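Trainee: The structure is given below, and queries will be raised subsequently.
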Amino acid sequence: MRKVVILIKKAVKYITFTMLLGLIILLSMGCGDGDVVAEVNGEKISRAQLDTKIGELEMGLQSQGFDLEELSEEQAEEVSKNLQKEALNQLIDEAILMQQAEKMGVKADEKQAQEELKQFKEGLGEETYKQLLEEQGLTEKDLLEHQKLKLSYDALFKKVTEDVTIDDHEVKSHFDENREDLEQLKVAHILISVEPDSSEEEIESANQKAKELIEQLNNGSDFGELAKEHSDDTQSANNDGSLEVYFSRQDPFFVAEFTEGAFQLDKGQFSPEPVRSDYGFHIIKVLDKKDSYEELKEPLEERLLAARKNEVFNDFFTEAKEKSKIENKLEE
């Protein structure tokens, strides 16, 4: 039986020191005013809020499959400190964000959040909604607060960046300087898979099969029909081998060998020799190619504008945070 093989690289879990699952060891740290762990421009952040945020981070980590039992006591204690620090930093940032949203008149109110939550709940269905809350360790009240934060962030971002623009000259200059990296292909492929533990004989057999299929293509056989009959990537095979997405040389979702092999071809061409990757041997055919300014201008303009807006908003938030009076009582 042929199996589904996905060309996209296995996602690497990029984990920072604060993104490890650990025991929440309550260290004997002074909290200042009772249960208050921090103040942001006079707004208090409570120990209860901190514990809730830590719990959310824990649940997220558990969903990634981290095993608490693998940590030593020393590691668990260190992770606990880092996790607490990260949770508090997030709460401080959230407080500043909401304060700025209120200052600029775009803070989401209860009614807006309730309406968004209602639509979200209806979209998921009652059962799935309850399951989501349980899996994430959240109450409906928690989710409502998250919704307020999201709506306020979106509105604040829009307000801060509403006058940000990018002109045609900037877009064209970026295109001219990065033309090769911006080119996009849409391809079909036939995969003859090879398992990681395959023998030399099995690898050579797969290579030979791919070469025989290339010979059939050279003799006029239809690429789509061969993909349906022979490709081990059944997801694309059922669509004549087409992957139905455009990608560039810098696309992180395709393995390097596949990308390199594809960009050696022109539109309509197929691989003259099998392309080897960790998945096996590929025969690639280029279905379409976008390499002109006219074809790439719109998505490039959107990308550059988004990057400019992110830069402007990050500068705005950094300045707001620097001007804020922040008292971290866990450090006192």
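The values are calculated or read from the model by the stated rules, or taken from the named source; none is laboratory data. Fair warning: this is a prediction, and the values are worked out from it, not measured in the lab. Neighbour counts run over all protein chains shown; Cβ positions are idealised from the backbone, glycine included.
Trainee: Using beta carbons and a limit of 8 Å, which pairs, at least six apart or on different chains, have the first residue in the range 270-289 and closer than 17 Å to Ser242 by Cβ and the second one crowded, with 19+ Cβ neighbours inside 10 Å and of a type in the set (Lys, Arg)?
Mentor: So the pair list comes out as Phe270/Lys285; Ser271/Lys285.
Trainee: Could I ask something else about it? From (1) closer than 24 Å to Phe157 by Cα; (2) crowded, with 16+ Cβ neighbours inside 10 Å, pick out the condition that doesn't hold for Asn89.
Mentor: So Asn89 meets the others, but not (2).
Trainee: Answer with yes or no whether Phe258 is touching a residue at least 60 places away in the same chain (Cβ under 8 Å), within 27 Å of the chain's Cα centre (by Cα) and either in the same structural domain as Ala155 (by TED's automatic domain parsing) or surrounded by 15 or more Cβ atoms within 10 Å (Cβ to Cβ) (or both).
Mentor: Against the criterion (touching a residue at least 60 places away in the same chain (Cβ under 8 Å), within 27 Å of the chain's Cα centre (by Cα) and either in the same structural domain as Ala155 (by TED's automatic domain parsing) or surrounded by 15 or more Cβ atoms within 10 Å (Cβ to Cβ) (or both)), Phe258 qualifies.
Trainee: Could you list, in sequence order, all residues of the range 156-187 that are among the hydroxyl-bearing types (Ser, Thr, Tyr) and in a loop (DSSP other than H, G, I, E, B)?
Mentor: Thr165
Trainee: Run Lys321 past the list (1) more than 17 Å from Asp163 (Cβ to Cβ); (2) in contact with a Phe, Trp or Tyr (Cβ under 6 Å, 6 or more places away or on another chain); (3) not β-branched (Val, Ile, Thr) and report the number of the one that doesn't hold.
Mentor: It is condition (2) that Lys321 fails.
Trainee: On to the next question. Go through (1) within 26 Å of Leu151 (Cβ to Cβ); (2) modelled with pLDDT of 90 or more; (3) buried (at least 16 other Cβ atoms within 10 Å of the Cβ) one by one and return the number of the condition Gln84 breaks.
Mentor: Answer for Gln84: the failing condition is (1).
Trainee: Another question, if that's okay. Is there a residue being of a type in the set (Val, Ile, Thr) and within 30 Å of Gln264 (Cα to Cα) anywhere in the range 161-177?
Mentor: yes
Trainee: Considering each residue of the range 304-329, count those that are part of a helix (DSSP H, G or I), modelled with pLDDT of 95 or more and surrounded by 13 or more Cβ atoms within 10 Å (Cβ to Cβ), and give that number.
Mentor: 12
Trainee: Pick out the one residue from Ile203, Ile214, Ile190 that is in a helix (DSSP H, G or I), under 20 Å from Asp266 (Cα atoms) and among the hydrophobic types (A, V, I, L, M, F, W, C).
Mentor: Details: Ile203 fails: under 20 Å from Asp266 (Cα atoms); Ile190 fails: in a helix (DSSP H, G or I).
After ruling out the rest, the residue left standing is Ile214.
Trainee: Please work out which residue is surrounded by the fewest Cβ atoms within 10 Å (Cβ to Cβ), limiting yourself to the range 102-156 and to residues that are among the hydroxyl-bearing types (Ser, Thr, Tyr) and farther than 21 Å from Gln49 by Cβ.
Mentor: Of everything passing the filter in the range 102-156, Thr128 is surrounded by the fewest Cβ atoms within 10 Å (Cβ to Cβ).
Trainee: Here are Gln147, Gln84, Gln75: which of them is part of a helix (DSSP H, G or I) and more than 27 Å from the chain's Cα centre (by Cα)?
Mentor: Details: Gln147 fails: more than 27 Å from the chain's Cα centre (by Cα); Gln84 fails: more than 27 Å from the chain's Cα centre (by Cα).
So the residue among Gln147, Gln84, Gln75 that is part of a helix (DSSP H, G or I) and more than 27 Å from the chain's Cα centre (by Cα) is Gln75.
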